[in-house]
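Report on the following structure.
The values are calculated or read from the model by the stated rules, or taken from the named source; none is laboratory data. Keep in mind that what you see is a predicted model, and the values were worked out from it rather than measured. We place every Cβ from the backbone using ideal geometry, glycine too, and count neighbours over all the protein chains shown. Heads up: the accessible areas ignore ligands, DNA and RNA and are worked out on the full protein's heavy atoms, side chains in. Shrake-Rupley method; radii C 1.70, N 1.55, O 1.52, S 1.80 Å.
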Amino acid sequence: MSFDPQAQQLNDAISATHPQVLDMLSQRGKAIYFPKLGVLSQSAEAQGKNINATIGIALEEDGSPLVLPSLADAIKLPKASAFTYAPSPGRPDLRKLWKEMILQKSPSLAGKPISTPVVTAALTHGISMAAYLFCDVNDTVFIPDLYWENYDLAVTLATGAKLETFNTFTPAGGFDVAALKAKLDGSPRGGKKIVSLNFPNNPSGYTPTAAEAAAIVKVLTDAAAAGDKVVVWLDDAYFGLVFEPGVYEESVFAPLADAHKNLLAVKIDGATKEDYVWGFRVGFLTYGIQGGNAAVYEALEAKTGGAIRGNISNSSHPAQSLLLAAWSSPSYPAEKKRAFDLLKSRYDKVRAILAAHPEYADAFVALPFNSGYFMCVRPLKADAEVLRKKLLADYSTGTVNFGGILRVAFSATPTEKLEPLFANLYKAAKELG
Ligand SMILES: Cc1ncc(COP(=O)(O)O)c(C=O)c1O
């Protein structure tokens, strides 16, 4: 297949030091490029000229953005930070700041070159762009069996690649690293292998311990060392919400970012859950690979920017500007701590309720959880869907059935309602058997 010369240039830049990354890209990933020629470059060339009739927005007579006062009055941001387009890869200052924040939150990334994060329209879009760039119709994505259901739409239905699940948990209740290894070892060596991991996990609320995280990194690195071309997506949607000691607090992206030349780590993260801005739609895609240099990262960023341009053109400018202001605010750390403390207090309350009610173990068991927004219970006798419906009808209590387990969002349940929530679960389950 022949590519546009601009795509070929990016592919050549990648191949110069990391030919294996080219093998990891999908056909669309190989073909995509961020158009440097055409409208964008001509518009850039006209910047600062006396007459600039290139831009596809509308301006007032004085050159400021033409806006409707009913909107401008409701927005405190400068007009140019809210109403105009943001660049396809995102505001450069926001991208730079998020990179610094990633390095701060995962200190073992220090000294490891990683790409500059590219802004996506939140994490779903990040997953969808990762699927665009890396998944072809016959590809397989290995994923723990407890996964966020939207992967079916964003990956399988969008690209045709299939999700192949492995056990999330061992019978003893740890992360099933051996199941991941079996998947990697069970398919022909030397091929592309895509692995998708999400910690803290939706739906289970589980993050690996430090030892489990090290074991996960080892099996992925071993597969890369054996010749597989491994792409690992790290969906860090709930990053930072770790509530127990001994649980791995950095992103698994950090140890993977320089693990092996055959292993490309793709961090999918953002403000949605971390900063409690679900409707803002701001996320990021960041790359890490051993020996990663400016040329390979810039090429991957350009491909990601191109995929975004062809898909949504660019992400919300007002949301990016608001986050930039919040992240630069001196009160941000204290505000984050208050939110963390609230969610941790709910987590602690759930733990206390389960400990205070050993009889609940006759009706349901809690799956391992230590982080994030959720925890899950597995009904022992009752059918999960029948139980869910009974909880709605007879106990005015809503939960989500994830194929036989019920997910409880303690993040969204006021503390005083947690005790009745579990009491209702118990009573309803007992009534069913
Ligand atoms: C694991 C996981 N990844 C991604 C997302 C999507 O987040 P966003 O709202 O930023 O698209 C969610 C949202 O529920 C999620 O649970």
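Given the condition at pLDDT 95 or above, in a helix (DSSP H, G or I) and open to solvent by 50 Å² or more (accessible area, probe 1.4 Å), answer yes or no: does some residue in the range 362-376 qualify? Yes: the range 362-376 contains one or more residues that are at pLDDT 95 or above, in a helix (DSSP H, G or I) and open to solvent by 50 Å² or more (accessible area, probe 1.4 Å).
When the range 169-222 is examined, which residues are found to be closer than 30 Å to Asp348 by Cα, in a loop (DSSP other than H, G, I, E, B) and either more than 16 Å from the ligand (Cβ to nearest atom) or not assigned by TED's automatic domain parsing to the domain that holds Ala131 (or both)? Answer for the range 169-222, where residues must be closer than 30 Å to Asp348 by Cα, in a loop (DSSP other than H, G, I, E, B) and either more than 16 Å from the ligand (Cβ to nearest atom) or not assigned by TED's automatic domain parsing to the domain that holds Ala131 (or both): Thr170, Pro171, Ala172, Gly173, Gly174, Asp176.
Considered as a group, the residues in the range 324-348 that are among the basic types (Lys, Arg) and open to solvent by less than 70 Å² (accessible area, probe 1.4 Å) include one that is nearest to Leu391 (Cα to Cα), and that residue is Arg346.
Once the range 371-400 is narrowed to residues that are within 16 Å of the ligand (Cβ to nearest atom) and of a type in the set (S, T, N, Q), the residue that is nearest to Pro144 (Cα to Cα) is Ser371. Considering the range 223-237, the residues that are away from the ligand (no atom under 11 Å from the Cβ) and open to solvent by less than 10 Å² (accessible area, probe 1.4 Å) include one that is farthest from Phe199 (Cα to Cα), namely Asp228. Of the residues screened, Lys381 is one that is touching a residue at least 24 places away in the same chain (Cβ under 8 Å), open to solvent by 60 Å² or more (accessible area, probe 1.4 Å), of a type in the set (D, E, K, R) and assigned to a loop (DSSP other than H, G, I, E, B).
Could you list, in sequence order, all residues of the range 223-245 that are in contact with a helix residue (DSSP H, G or I) (Cβ under 9 Å, 6 or more places away or on another chain) and not aliphatic (A, V, I, L, M)? Asp228, Lys229, Trp233, Asp235, Asp236, Tyr238, Phe239, Gly240, Phe243, Glu244, listed by residue number.
Scanning the range 203-217 for residues that are open to solvent by 10 Å² or more (accessible area, probe 1.4 Å) and either without any contact (Cβ under 8 Å) to a residue 24 or more places away in the chain or of a type in the set (A, V, I, L, M) (or both) yields Ala210, Ala211, Ala214, Ala215, Val217. Residues that are over 16 Å from Asn198 (Cβ atoms) and either open to solvent by 10 Å² or more (accessible area, probe 1.4 Å) or part of a loop (DSSP other than H, G, I, E, B) (or both) within the range 115-137 comprise Ser115, Thr116, Pro117, Ala121, Tyr132, Cys135, Asp136, Val137, listed in sequence order. Of everything in the range 144-160 that is crowded, with 17+ Cβ neighbours inside 10 Å and under 14 Å from the mean Cα position of the chain (by Cα), the residue that is nearest to the ligand (Cβ to nearest atom) is Trp148. Checked against (1) among the polar types (S, T, N, Q); (2) in contact with a helix residue (DSSP H, G or I) (Cβ under 7 Å, 6 or more places away or on another chain); (3) within 26 Å of Val365 (Cα to Cα), Ser128 passes all but a single condition, namely (3).
Under the condition of being away from the ligand (no atom under 16 Å from the Cβ), among the polar types (S, T, N, Q) and under 17 Å from the mean Cα position of the chain (by Cα), the residues counted in the range 81-123 number 3.
Only one of these is outside any helix (DSSP H, G or I), touching a residue at least 24 places away in the same chain (Cβ under 8 Å) and on the phi > 0 side of the Ramachandran plot: Gly90, Gly111. Name it. Before you say what the answer is, go through the steps one by one.
Values: Gly111 fails: touching a residue at least 24 places away in the same chain (Cβ under 8 Å).
Unique residue meeting the criteria: Gly90.
Looking across the range 384-417, the residues that are in a helix (DSSP H, G or I) and over 21 Å from Tyr276 (Cβ atoms) come down to Ala384, Glu385, Val386, Leu387, Arg388, Lys389, Lys390, Leu391, Leu392, Ala393, Asp394, Tyr395.
Does Ala393 fit the bill of being open to solvent by 60 Å² or more (accessible area, probe 1.4 Å), outside the structural domain of Gly240 (by TED's automatic domain parsing) and not β-branched (Val, Ile, Thr)? Yes, satisfied. Here Thr84 clears all of (1) of a type in the set (Ser, Thr, Tyr); (2) farther than 25 Å from Asp139 by Cβ; (3) part of a loop (DSSP other than H, G, I, E, B); (4) modelled with pLDDT under 95 except the condition numbered (4).
Would you mind stating whether Val282 is within 16 Å of the ligand (Cβ to nearest atom), under 14 Å from the mean Cα position of the chain (by Cα), touching a residue at least 40 places away in the same chain (Cβ under 8 Å) and open to solvent by less than 10 Å² (accessible area, probe 1.4 Å)?
When the stated conditions are applied, Val282 passes them.
Counting only helices (runs of 4 or more DSSP H) that sit completely within the range 1-71, those holding 2 or more residues that are in contact with a strand residue (DSSP E or B) (Cβ under 6 Å, 6 or more places away or on another chain) and closer than 19 Å to Val266 by Cα correspond to 19-24. Ser196 meets all of the listed conditions (1) touching a residue at least 12 places away in the same chain (Cβ under 8 Å); (2) closer than 20 Å to Ala254 by Cβ; (3) open to solvent by 40 Å² or more (accessible area, probe 1.4 Å) but one, namely (3). Of the residues screened, Ser81 is not one that is open to solvent by 10 Å² or more (accessible area, probe 1.4 Å), within 29 Å of Ala178 (Cα to Cα) and touching a helix residue (DSSP H, G or I) at 6+ places or on another chain (Cβ under 6 Å).
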